[in-house]
Structures are given as structure tokens and as C-alpha cells.
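I have placed the structure first, in the form of C-alpha cells, so that the comments after it can refer back to it.
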Amino acid sequence: MATMEDLFKLSANDAILKLKNREVSPIELIDNAEDRINAIDGKINALPTLCFDRARAKARHLLENPIQDAPPQYLYGLPIAVKDLVEVAGVRTTWGSPIHADHISSHSDYLVERLEANGAIVIGKSNTPEFGAGSHTFNEVFGHTHNPWNTGLSAGGSSGGSAAALASGQVWLATGSDLGGSLRNPASFCSLVGLRPSPGRVAHGPTTLPFNDLSVDGPMGRNTRDIAIMLDAQVGHDPRDPLSLPAPETSFRSVTDHPTIPKRVGFSPDLGFLPVDREVKDLCEKAAQTFADMGAIVEEACIDFSGADEIFHVLRGQLFAAGRTNLLDHRDQVKPEVIWNIEAGLGFSALEITRATNARGALYQRALKFFNDFDLLLCPAAAVPPFDGQIRYPTEIADAKLERYIDWLMICGVVSLTTCPAASIPCGFTHDKRPVGLQIVGPPRGEAAVISACSLYEQTQPYAGMLPIDPIGSI
């Protein structure tokens, strides 16, 4: 039984039950989180912006105005962290950029509004690379976020602050976002569960690009049930987001109570064309065989991703050009990778964008064909294990030289093109104790199938029980 001093060790599910039964109060959890952050965040730099006064005011309001007939997705005052790409009213939001280093948000993102309406309490903002670009969390405002498993290594990104905070027990749940792996990569690097939902599953905005379906928001947690609980609190139609979907009739939390064994699973160590670290391949192949032990048919098979890396490069560039061209007026304050991505996007011709758009449509049809025959696709969630935190990004994988800073992200990026939901779940450690994640991809809008598979796999493994951890110094 958790003492007041070690409430941070509770799963989100258990913490919510204690809140619901009034065994603990939201203020006690906030106090516990503050103590934990004060004790360890100096070692990992996961939550550089804190808002405890705001959080305690929200907690007092909940205590003085208890909800009647709370819906199943209600969180009862659970403290959470929100990524520093997402605005929270009255709280500093920097997007990891010196340009916005002193910005205080006048409003909350639709995502935050929904989470707070469902009983979440924001206690801080998690660190992110500048404008979320790149899967390694560092910026000129707050510096590097360090991996709790080895503080000399990257925590991944762009949701690296959320991942590090969760793994080290600073919060019970955290938001992430994902364009080319920004949820899945840090989950893999920090031995967590992170889910990229289908576009529209989680409403977000306001934004100048409301029809963007490449970047989505989603949940991060220490285990599958926790991320299912958070997803239930995030989903729902919002008329201000034209892509948003209604909440499903069956909760995602209930899927974890009765997971079903998939009938046929495809596994690919490299999606047919990508360089992947040998040890990562081996660990993910072993994890895939766990489904065979459950009774599923597991075959080496994959969606046909022909040309998908170039599709992603073009459409990501177009997105940066559409949303970030104004940053070219501040190029001396913006990291070079962001400038490169904007200029690459502006340099594409109408014909190149047309071809990439049409090719993405053909890729989607190939994905549908694959899921006619297979329930899931399994592959690595990151092409490498966590790397030296002082480098900007990997330039070589398995003796293959990489040309662009986004090339090492493609094992997640090309999956994003399909709109299929995908999760990273811990599947082991390399010989030198670096975490590795298995990517589980489901059919379009198939979050329930992904969550079910994650739940089944997790039950056979020890990894969820290893968290939270005290940060470990460079090994």
C-alpha cells in the first residue's frame, strides 16, 4: 500500500481510484508531485515550467464543487503534464523557442479544455525540441532533457519531456504529440507506452492548419491501461476541429479488461527498406514471437511502403512551409533544422506536391489491403536505441549514412502517412541497458485493436513494473 511519501509510484489507474474513493485528495497528489520534481528534475530537466498555484486553485475548486454522476472517463483531479507545444491558459508556453521564451498563454488548447473538463489538473509543461522538430529534446530556452535510464542519453522527442517525467515518477499521465514519431520515439527511449491515435481522434486547436492530418495528439503513460484511461479523457467531437471524431461507444479502458488475441500478425524488422540497429531488430523480433506463443499466426509481412520516405519528406516540408514560413524572418533565433525544413517545403514544385499527395493515397490503399489479411503490423518503434544526448541526431544506422536529419525517424514517419493508429510498448533492453520499444500498428481507426495487443503483450513482460525509476547517471 502506497504511503503519502511514495504516491508517485502509483499507476494512474490506482491514483484515480484513490481519488475517486477519497483516500487521497488532488492537493496531496500535487504536493507529492512537487516533492518528486524538486528531488529529481534537476537531473533530467523534464518539466521546466511549473504551475502549482494554478493547479492548487483547480484542485480546491474540484474539492469544493464535487462532480455529481461523474462520467466513466473522469480523472478526479489527477495531476498531469502538458507538452510545451500545447497552450494552457495563464501558463508560459514557449514551443521551445527563444522567440516565445516569455509568452504567457491567454487561452487553452481544445485538448487541455477537454482534459480539465474531465478532471485532469495541469501541474507543468514538459520540455520539447524547438517547435517539436526532431526526435531529440533540447532547445535554446531550457536546454537538454536527459533520459532517466541513463542521463547521458537522449530521452527522445519531441515528447521527450513528457516521457522522462513519466518514467521518473514526476506525473502520472502526460500529453504527447506525433508527426513522425514524437510520441512513439520517446516512449521507446524511456520504456513507456505512447499511442499515436488516428487523425481526429483527439481534437486540438485553435490552429491555422485545421485540416492537417499528419500531426496528432495522444496519451503517454507507464502502462497500457493508463494510456487507455487518458485517451478516454481526451477523445470526443469538437466542432471547432473539423477532423474531430465522436467518442466511441465502447471505452478504451474497457478494452484492457478483455483483450483479444489477434488472429494474424505481420512483423517487419525494417518495413522493407530502412536501416535498423541489429540489436533493436532482434529484440523486436523476439517480442513479435510472443504473439505466436499466445496462439496468433505471426509472419514476416509488411505494408508496401515503396516511396514512402520521399512522400513523408515532401508532405512534412509542405506542412512546415504552410505553418512556419514566418520563422524565416527570425532565422538567427531558430535552429537550422527547422529553417532547412521550411526552405525544403518552399522549394517543392506543385508537381512534386501533387505526386506526393497522389502517392500517399495509393499507400493508404495498400495499407487497407494489408489489413484485410492481417490484424496488426509489428516493427521497431525507433530505428536505434537511445543515443548520446550531446549529438543533435543520428547520422548513421547499421553502417548506412543518413542524408537528412529526419531520415532516422522514418520507421515511424512512414506509418504516420497511413493514418493508422500506432503505439510503442517496451520490449527490452540492449546489452548496455538502453530501452527498446516495439511498434504496434492497427488498421485505420483501430485504436482498440492496438490497445488490446499492447495489453496482452504487457501482461507477459516485466517492463511496466519497473517504473517509475530514480534517474541513473551516465553508465
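Check segment 253-268 and report whether any residue there is in a loop (DSSP other than H, G, I, E, B), within 22 Å of the chain's Cα centre (by Cα) and among the charged types (D, E, K, R). No, segment 253-268 contains no residue that is in a loop (DSSP other than H, G, I, E, B), within 22 Å of the chain's Cα centre (by Cα) and among the charged types (D, E, K, R).
Here the condition is being touching a His at 6+ places or on another chain (Cβ under 6 Å) and not aromatic (Phe, Trp, Tyr); of Ser244, Ser198, it holds for Ser244 alone. The condition of being in contact with a strand residue (DSSP E or B) (Cβ under 7 Å, 6 or more places away or on another chain) and among the polar types (S, T, N, Q) does not hold for Ser198. Could you please find all residues in segment 36-75 being among the small types (Gly, Ala, Ser) and either closer than 18 Å to Glu116 by Cβ or in a helix (DSSP H, G or I) (or both)? Scanning segment 36-75 gives Ala39, Gly42, Ala55, Ala57, Ala59, Ala70. A single member of Phe387, Phe370 is over 22 Å from the mean Cα position of the chain (by Cα), of a type in the set (Phe, Trp, Tyr) and over 23 Å from Pro248 (Cα atoms), and it is Phe370. Being under 25 Å from Asp277 (Cβ atoms), out of contact with any Phe, Trp or Tyr (no Cβ under 8 Å at 6 or more places or on another chain) and either among the β-branched types (Val, Ile, Thr) or not in a strand (DSSP E or B) (or both) is the requirement here; does Ala247 meet it? No. Within segment 23-75, how many residues turn out to be on the phi > 0 side of the Ramachandran plot and touching a Ser or Thr at 6+ places or on another chain (Cβ under 6 Å)? Within segment 23-75, residues that are on the phi > 0 side of the Ramachandran plot and touching a Ser or Thr at 6+ places or on another chain (Cβ under 6 Å) number 1. Val24 falls short on exactly one of the conditions (1) part of a loop (DSSP other than H, G, I, E, B); (2) under 12 Å from Gln170 (Cβ atoms); (3) of a type in the set (A, V, I, L, M, F, W, C), and that condition is (2). Of all residues assigned to segment 195-203, at least one qualifies as being under 25 Å from Tyr405 (Cα atoms) and either surrounded by fewer than 24 Cβ atoms within 10 Å (Cβ to Cβ) or among the β-branched types (Val, Ile, Thr) (or both).
If you go through segment 404-416 one residue at a time, do you hit one that is over 30 Å from Ala344 (Cα atoms), in contact (Cβ under 8 Å) with a residue 12 or more places away in the chain and of a type in the set (Lys, Arg)? No, that holds for no residue. Going through (1) touching a residue at least 60 places away in the same chain (Cβ under 8 Å); (2) of a type outside the set (D, E, K, R); (3) crowded, with 20+ Cβ neighbours inside 10 Å one by one, Ala398 falls short only on (3). From the list Ile297, Ile303, the lone residue that is surrounded by fewer than 19 Cβ atoms within 10 Å (Cβ to Cβ), at pLDDT 95 or above and not hydroxyl-bearing (Ser, Thr, Tyr) is Ile297. Restricted to segment 37-57, and to residues there that are under 19 Å from Ile121 (Cβ atoms) and free of Cβ contacts under 8 Å to residues at least 24 places away in the same chain, the residue that is surrounded by the fewest Cβ atoms within 10 Å (Cβ to Cβ) is Asp53.
Each row is one residue, and each column tells you yes or no for (1) of a type in the set (Gly, Ala, Ser); (2) in contact (Cβ under 8 Å) with a residue 40 or more places away in the chain; (3) surrounded by 21 or more Cβ atoms within 10 Å (Cβ to Cβ); (4) in contact with a Lys or Arg (Cβ under 9 Å, 6 or more places away or on another chain).
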site	(1), (2), (3), (4)
His330	no, yes, no, no
Ile339	no, no, no, yes
Leu351	no, no, no, no
Asn358	no, no, no, no
Gly361	yes, no, no, no
Asp375	no, yes, yes, yes
Ala382	yes, yes, yes, yes
Asp388	no, yes, no, no
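Of the set (1) surrounded by fewer than 21 Cβ atoms within 10 Å (Cβ to Cβ); (2) under 29 Å from Asp388 (Cα atoms), all apply to Ile104 but (2).
Going residue by residue through segment 456-466, is there one that turns out to be under 17 Å from the mean Cα position of the chain (by Cα) and part of a helix (DSSP H, G or I)? Taking every residue of segment 456-466 in turn, at least one turns out to be under 17 Å from the mean Cα position of the chain (by Cα) and part of a helix (DSSP H, G or I).
The values are calculated or read from the model by the stated rules, or taken from the named source; none is laboratory data. Fair warning: this is a prediction, and the values are worked out from it, not measured in the lab. Every residue, glycine among them, receives a Cβ derived from its backbone with ideal geometry; neighbour counts consider all protein chains shown.
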